[in-house]
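The values are calculated or read from the model by the stated rules, or taken from the named source; none is laboratory data. Worth saying up front: this structure is predicted, and the values here are computed from it rather than measured. So basically every Cβ, Gly included, is an ideal-geometry build from the backbone, and we count neighbours across all protein chains shown.
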Amino acid sequence: MTDHRERSRWNPKEMWRAIDRAGMKGVTIAIIIFIAVAFLGPLVWTDSPTQVNLEDAVKAPSLAHPFGTDEYGRDVLARFLGGAKLSLIVGVCSVLAAALIGMVIGSIIGLVGGFTDGVIGRMLDGILAFPALIMGMALALAIGPGALAAGLAVAITGIPWYARVVRSEVLSLREREFIDAERALGASRRHIIIRHLIPAVTGGVAVQASLGVAYAVLAIAALGFIGLGVQPPTPEWGAMITEGRTYLTSGQWWMSIIPGFGILALVTISILFGEALRDHLDPHGKLHF
Amino acid sequence: MASFIFKRVLATVAVLFFASVIAFLLLRISPGDPARQVLGPQASAQAVEKLRDQMGVNDPLPKQYVDYMGDILQGDLGISWRTRIPVKDELTTRIPATLELGLYAIALSIILAIPLGVLAAGSRRWIDRSSRVFAVVGLGTPPFWLGLVLILVFFTWLAIAPPPFGRLSEGYLPPPHVTGLYTVDALLAGQINTFFNALAHLALPAITLGLPLAAYLSRIMRRSTADVFRLDFIRTARAKGASERRVMFRHAMPNAMLPVLTLSALYFGELLAGSLLVEAVFGWPGVGGYVSESVLAQDYAPVQGAILLGALTYCLLNLGADLLYGVVDPRIRTSKS
């Protein structure tokens, strides 16, 4: 598996074939399209996402504004694209941070064991008792609402998941004979971690991480929705939904309904990617749903 | 068995301790001055300082924590500085609203998920495919947005749903208090109109809250049914000539339901967090709405109370599930991890 991956690393054609064999062609295309929309979209659709133009306020979708305009006359399409980029960046970064810290903590408590494992394990359980939303609310109060608080909340509440995956892998590796053999041959702890532990946990962590992105995007949007996430005028999907809410009962739906489709798309893609990866790495369903 | 129970209870207490420390610290390190919030911007510095002393905000953090825990253990969750109502009283009046919403949401999701999961595990591929689409879309839909879509369709466009505010329409009085669940109380009092009105107000929020859960549970049910399908007694039932439908619903379904029921109980804690958003969308007078209002007003005590309530619910449900599994499956209570 590792060799195969190293061989195909710099060969796009070979990589694409591997993706196809894994049954992940569709979802990979979806990801590429989403990233293209988020990063190239604003270059094509050059309306400003923050330019206030009260004369154009609350206009229904038209050719000039395909997604309509909001209460300040800002172009909803431009804000939608800005929101896509923001969700992607904050979601992915916070999950990467959580995965990295979680892996370090998980391997430490797995290796050290005993009392440390017990205490840190309970602390991690304590964090698990907090949904990301609650943690985000508290952090938003503590350090001020914004992308940082939202991302931190997602990262902190995510850490236990990765720590658990890695810890259990460390514990099972410790019992394996080939690790004993390695140690008897004088292999250092570092060697065992790099050559055996990291390759063994990568799959599980990757699956967890792509499902984690889904969770992160939902949590960030939820914080934005209650007004504690990314602050205006920065375009953010959750906040856009709130801003357009008051117009909903009078039938002006586009301001709050359209951003929701963006969240739905990004979350769905992340879930599908995670599930496809899991099915590929582990066809017999050992990894948790 | 006794040592297994002891260990699990001890672990739960430890988790609750850490949760309470986190809840306490997160809100104490926030920059806003609660005394200034209460007195307003015009109050003198001395008055603010005096109130800070009274509130105990000037004490060292460890002392504040000990005082705080002492109060909690006596059942005192503090007073909301915004409304001057004790948090405990406010929570007591609001818990039934959240509970009623949560119970309907869970019931709805189980009713949807179990047949869907069983059908998906059956032999027809297109059913499995569409149930998977439902599951992924259901999990990917932000609940607050789904609520708004439902309001748009059923209230604004079709005008068949009641206005998205509160538990009863104007002109209806709450039924005499027995359980606090309006639908149950209305039936007990024989007020059929009130019952249907309460039900109509519950419908959209319960769907909003229940649909993502239904999506999740339907996948669990599918896997669990597929596992049961491989067992011998299913083959026996088929050999005896039972129809495929009978095998599915009479033999496989009851046996596959257990994990779904456990998981839906565990999910109740998560529902509390979800209710925070859904209650905000539907103006539902439950715990969630209380929390979001308090957070925005930097009102410490209600937020802490609600966080502890959530953590407690989560821990107790987990503990209950663990102990139950320990009773059912001896391997669990002897394993080290």
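Just one of (1) over 22 Å from A:GLY203 (Cβ atoms); (2) more than 14 Å from chain B (Cβ to nearest Cβ); (3) not small (Gly, Ala, Ser) fails for A:LEU133. It is (2). When each of A:ILE127, A:ILE101 is tested for being more than 14 Å from chain B (Cβ to nearest Cβ) and of a type in the set (A, V, I, L, M, F, W, C), the lone residue that passes is A:ILE101. Considering the conditions (1) facing another protein chain (nearest Cβ under 10 Å); (2) surrounded by fewer than 24 Cβ atoms within 10 Å (Cβ to Cβ), A:LEU266 is excluded by exactly one of them, (2). Once region B:265-279 is narrowed to residues that are surrounded by 22 or more Cβ atoms within 10 Å (Cβ to Cβ) and touching a residue at least 60 places away in the same chain (Cβ under 8 Å), the residue that is nearest to the other protein chains (Cβ to nearest Cβ) is B:LEU277. The residues listed here are B:GLY288, B:GLY283; of these, the one that is at pLDDT 75 or above and in contact with an Asp or Glu (Cβ under 7 Å, 6 or more places away or on another chain) is B:GLY288. Being closer than 30 Å to B:ILE207 by Cα and free of Cβ contacts under 8 Å to residues at least 60 places away in the same chain is the requirement here; does B:ASP67 meet it? Judged against the criteria, B:ASP67 is not a match.
Hey, does region B:203-217 have a residue that's within 20 Å of B:ARG124 (Cα to Cα) and at pLDDT 85 or above?
The answer is yes; a qualifying residue exists.
Does region A:75-98 contain any residue that is within 30 Å of B:LYS7 (Cβ to Cβ) and hydrophobic (A, V, I, L, M, F, W, C)? Within region A:75-98, one or more residues are within 30 Å of B:LYS7 (Cβ to Cβ) and hydrophobic (A, V, I, L, M, F, W, C).
What do you reckon, is B:ALA35 surrounded by 13 or more Cβ atoms within 10 Å (Cβ to Cβ) and closer than 30 Å to B:SER264 by Cβ?
Details: surrounded by 13 or more Cβ atoms within 10 Å (Cβ to Cβ): yes; closer than 30 Å to B:SER264 by Cβ: no.
So B:ALA35 fails the test.
Please go through region B:114-138 and pick out each residue that is surrounded by fewer than 16 Cβ atoms within 10 Å (Cβ to Cβ) and over 29 Å from the mean Cα position of the chain (by Cα). The answer is B:SER123, B:ARG124, B:ARG125, B:TRP126, B:ILE127, B:ARG129.
Anything in region B:65-90 that is within 24 Å of B:GLY40 (Cβ to Cβ) and surrounded by 12 or more Cβ atoms within 10 Å (Cβ to Cβ)? List them, or say none.
First pass over region B:65-90, keeping only residues within 24 Å of B:GLY40 (Cβ to Cβ): B:78-87, B:90.
The answer is B:GLY78, B:ILE79, B:SER80, B:TRP81, B:ARG82, B:THR83, B:ILE85, B:PRO86, B:VAL87, B:GLU90.
Consider B:ALA105 carefully, then state whether it is crowded, with 20+ Cβ neighbours inside 10 Å, in contact with a helix residue (DSSP H, G or I) (Cβ under 8 Å, 6 or more places away or on another chain), assigned by TED's automatic domain parsing to the domain that holds B:PHE282 and under 25 Å from B:VAL295 (Cβ atoms). Even if it seems obvious, please write down each step before you answer.
On the way: crowded, with 20+ Cβ neighbours inside 10 Å: yes; in contact with a helix residue (DSSP H, G or I) (Cβ under 8 Å, 6 or more places away or on another chain): yes; assigned by TED's automatic domain parsing to the domain that holds B:PHE282: yes; under 25 Å from B:VAL295 (Cβ atoms): yes.
Against the criterion (crowded, with 20+ Cβ neighbours inside 10 Å, in contact with a helix residue (DSSP H, G or I) (Cβ under 8 Å, 6 or more places away or on another chain), assigned by TED's automatic domain parsing to the domain that holds B:PHE282 and under 25 Å from B:VAL295 (Cβ atoms)), B:ALA105 qualifies.
The listed residues are A:ALA239, A:ALA209, and the only one of them that is at pLDDT 85 or above, under 30 Å from A:ASP117 (Cβ atoms), of a type in the set (A, V, I, L, M) and crowded, with 16+ Cβ neighbours inside 10 Å turns out to be A:ALA209. Taking each residue of region A:128-155 that is under 23 Å from B:GLU293 (Cβ atoms) and looking for partners that are of a type in the set (Ser, Thr, Tyr) and outside any loop (DSSP other than H, G, I, E, B) with beta-carbon atoms closer than 8 Å, six or more apart or interchain, yields A:ALA129/B:TYR314; A:PHE130/A:THR157; A:PRO131/A:THR157; A:ALA132/A:THR157; A:ALA132/A:TYR215; A:MET135/A:THR157; A:MET137/B:SER292; A:ALA150/A:SER94. Considering only residues in region B:144-186 that are within 14 Å of chain A (Cβ to nearest Cβ) and either on the phi > 0 side of the Ramachandran plot or in contact (Cβ under 8 Å) with a residue 60 or more places away in the chain (or both), the one that is farthest from the chain's Cα centre (by Cα) turns out to be B:ALA159.
If you go through region B:187-241 and keep only what is more than 14 Å from chain A (Cβ to nearest Cβ) and charged (D, E, K, R), you end up with B:ASP232, B:ARG235, B:ARG238, B:LYS240.
So which of A:PRO232, A:PRO283 ends up being within 30 Å of A:MET24 (Cβ to Cβ), modelled with pLDDT under 85 and over 16 Å from the mean Cα position of the chain (by Cα)? Working first, answer last.
Details: A:PRO232 fails: within 30 Å of A:MET24 (Cβ to Cβ).
Answer to the selection: A:PRO283.
Taking region A:246-263 as the search range and keeping residues that are at the interface with chain B (Cβ under 7 Å from one of its Cβ atoms) and in a loop (DSSP other than H, G, I, E, B), which one is surrounded by the fewest Cβ atoms within 10 Å (Cβ to Cβ)? Full working, then the answer.
Residues of region A:246-263 at the interface with chain B (Cβ under 7 Å from one of its Cβ atoms): A:248-249, A:251, A:253, A:256-257, A:260, A:263.
When the remaining residues are screened for being in a loop (DSSP other than H, G, I, E, B), the result is A:251, A:253.
On the way: A:GLY251: 10, A:TRP253: 21.
Among those residues, the one meeting the criterion is A:GLY251.
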